[in-house]
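S.K.: Shown below is the structure under consideration.
The values are calculated or read from the model by the stated rules, or taken from the named source; none is laboratory data. Keep in mind the model is a prediction, meaning the values are calculated, not measured. In this analysis, Cβ positions are derived from the backbone assuming ideal geometry, glycine residues included, and neighbour counts consider all displayed protein chains.
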Amino acid sequence: MKKYVITIARGFGSGGKTVGKILAERLDINYYDRDLIKLASEESGINISLFGKADEKVKTSLFKKYNRSYGRKIIPPGSDKFISNDNLFNIQAKIIRDLADRESCIIVGRCADYILKDYPNLVRVYFYASLDVCVRNVMDIYSLDKNDAIKQISAIDAARSAHYKYYTGKDWDQVENYDLCINTSDLSFERCASLVEDYLRIRGLIG
């Protein structure tokens, strides 16, 4: 069986993470989300809390800046930029590439689709849903009222978009970035997972 990597980008409240976990279980492959922060911390020796603070975020003043050296040059210990957000991103990017070299897996967020864009057998998926559906999901999961759910969705999606733009120079929700864009509004998460499986079969990546 061919080695492959599925990257998942997702609107907050769309259920992309849930679909990813369903897929990982069905395909019997590893699922990486916040695990990447732990792996990056262990490899670099940098406190995990610093990775958490920088995770899928950029400072507003950096929004229009595109980091052309994304993930390719890790600054060594001793430099005053060793724990900069850019270097934290670079370290995570190395972890993502190492995982892709080693195993079939699912990787959520963190510009993985762009970091691995030249890798063979890469499947880039973007999950989204209507605002009403996202609001309902966020209200149910986090026990928020409607207004707070809308604010949370707006803030998190804006942060993810800014992070993606800064490190890739591209728009996060641009369809050209992905192989599959799936609207979860009218489908169960299990059915969404089945759609991805069907695509993997069409690509000859699973039997």
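S.K.: Can you confirm whether the stretch 116-133 contains a residue that is part of a helix (DSSP H, G or I), within 22 Å of Asp33 (Cα to Cα) and at pLDDT 95 or above?
M.R.: Within the stretch 116-133 (the criterion being part of a helix (DSSP H, G or I), within 22 Å of Asp33 (Cα to Cα) and at pLDDT 95 or above), the answer is no, since none of the residues qualifies.
S.K.: Out of everything in the stretch 1-18 that is touching a Ser or Thr at 6+ places or on another chain (Cβ under 6 Å) and over 24 Å from Gln152 (Cβ atoms), what residue ends up being modelled with the highest pLDDT?
M.R.: Among those residues, the one meeting the criterion is Tyr4.
S.K.: What are the residues in the stretch 136-148 that are more than 21 Å from the chain's Cα centre (by Cα) and part of a helix (DSSP H, G or I), if any?
M.R.: Residues satisfying the conditions are Arg136, Met139, Asp140, Lys146, Asn147, Asp148.
S.K.: Now for a different question. Which residue is surrounded by the most Cβ atoms within 10 Å (Cβ to Cβ), if the candidates are limited to the stretch 183-197 and must be of a type in the set (Asp, Glu) and over 14 Å from Ile6 (Cα atoms)?
M.R.: Glu190
S.K.: Does Val133 count as out of contact with any Cys (no Cβ under 9 Å at 6 or more places or on another chain) and in contact (Cβ under 8 Å) with a residue 24 or more places away in the chain?
M.R.: yes
S.K.: Which residues, taken from the stretch 142-164, are in contact (Cβ under 8 Å) with a residue 24 or more places away in the chain and surrounded by fewer than 19 Cβ atoms within 10 Å (Cβ to Cβ)?
M.R.: Scanning the stretch 142-164 gives Gln152, Ile156, Ala159.
S.K.: So is Ala159 over 30 Å from Leu205 (Cβ atoms) and in contact with a Lys or Arg (Cβ under 9 Å, 6 or more places away or on another chain) or not?
M.R.: yes
S.K.: Now a separate question. Which residues, counting only those in the stretch 159-207, are part of a helix (DSSP H, G or I) and under 18 Å from Phe89 (Cβ atoms)?
M.R.: Scanning the stretch 159-207 gives Ala159, Arg160, Ser161, Ala162, His163, Tyr164, Lys165, Tyr166, Tyr167, Thr168, Asn177.
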